[in-house]
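Heads up, the thing below is written out as C-alpha cells.
The values are calculated or read from the model by the stated rules, or taken from the named source; none is laboratory data. Here the structure is a predicted model, which means the values were calculated and not measured. Cβ sites come from the backbone with ideal geometry, for glycine too, and all protein chains shown count toward neighbours.
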Amino acid sequence: MTFAVGQKVVYPNHGVSVVEDISTASFDESEQTFYHLRLLSNNSKVMVPTENLELVGLRPLGSRESIKQLFKILEDGDIDTYKDWKGRYKQNLDKMKTGELPEVASVLKNLCLVSQKKSLSFREKKMFERAKYFIVSEVGHVKDIAEDEAERQVEKSLEISLAKLRKAREREAARASKAAEVAEAGKNIAHAEQREAVAAG
C-alpha cells in the first residue's frame, strides 16, 4: 500500500493525518523510505517507515460507504458488555490499536454504556475520548462537515443504540418474568392436584 503527498490517511489512536512529505534515508547501509505525517488533531509531526505501515495500521481515509456502515454499527444496539473491567480494558485497547472503524465503534458503544451506569476510570475516560474523536474526525473529513456536526451525528447514533439495547433488555426481562409466572402456576396446579389426591385417598 502506498500513499501520496497531500493524501489524508488514518493513524490508529490519533485520527486523520496528512502525508506532507515522502523521504528516504540510509541506516546501516540500507535505505528506508518514510512518510512524514501531520496529525490534524494537534498539528504534531510523525515519521512512519513504509516497511512498518502494516505494523502501525496506517490506512487510507474511509469511503462514504464505510461511514454509512459505521453509523449502522453505532445504531444497532449490539453492545459488548464485560463484567471484569480489566478484561474490558484489554479488549478495548486491542480494538483501538487496529484503527478500524467497526472496532473503534465497538469500543465507543461499550464505554458509552458503561458511563451510563458509573463514572469511567481515568484510563477508560481517556480511551472513550480518543475513540470518540477518532470516529468524529474521520466522519467529518469523509462527509466534509464540521467536527461539531459530526460529533452531534455520532452522539445521536449512540443514543439510538442505547435505546435499542434498553428495549431489548426490557423484552428479555418481560419474557423471563412471564416464564417464571407460568412455572409458578404449574407448580401450584401440581401441588393442588397432589393435595386432592391425598384427600381422596
Residue by residue through region 61-86, note down the ones that are of a type in the set (Lys, Arg) and more than 27 Å from residue 121 (Cβ to Cβ).
64, 68, 72
Residue list for region 11-44, filter: β-branched (Val, Ile, Thr), closer than 16 Å to residue 141 by Cα and in contact with a helix residue (DSSP H, G or I) (Cβ under 6 Å, 6 or more places away or on another chain)
16
If we keep only residues of region 45-93 that are within 19 Å of residue 136 (Cα to Cα) and either out of contact with any helix residue (DSSP H, G or I) (no Cβ under 8 Å at 6 or more places or on another chain) or free of Cβ contacts under 8 Å to residues at least 24 places away in the same chain (or both), then the residue surrounded by the most Cβ atoms within 10 Å (Cβ to Cβ) is 58
Among all residue pairs at least 6 apart or on different chains, which show Cβ distances below 7 Å where the first residue, located in region 169-187, is modelled with pLDDT of 75 or more and the second is assigned to a helix (DSSP H, G or I) and surrounded by 10 or more Cβ atoms within 10 Å (Cβ to Cβ)?
none
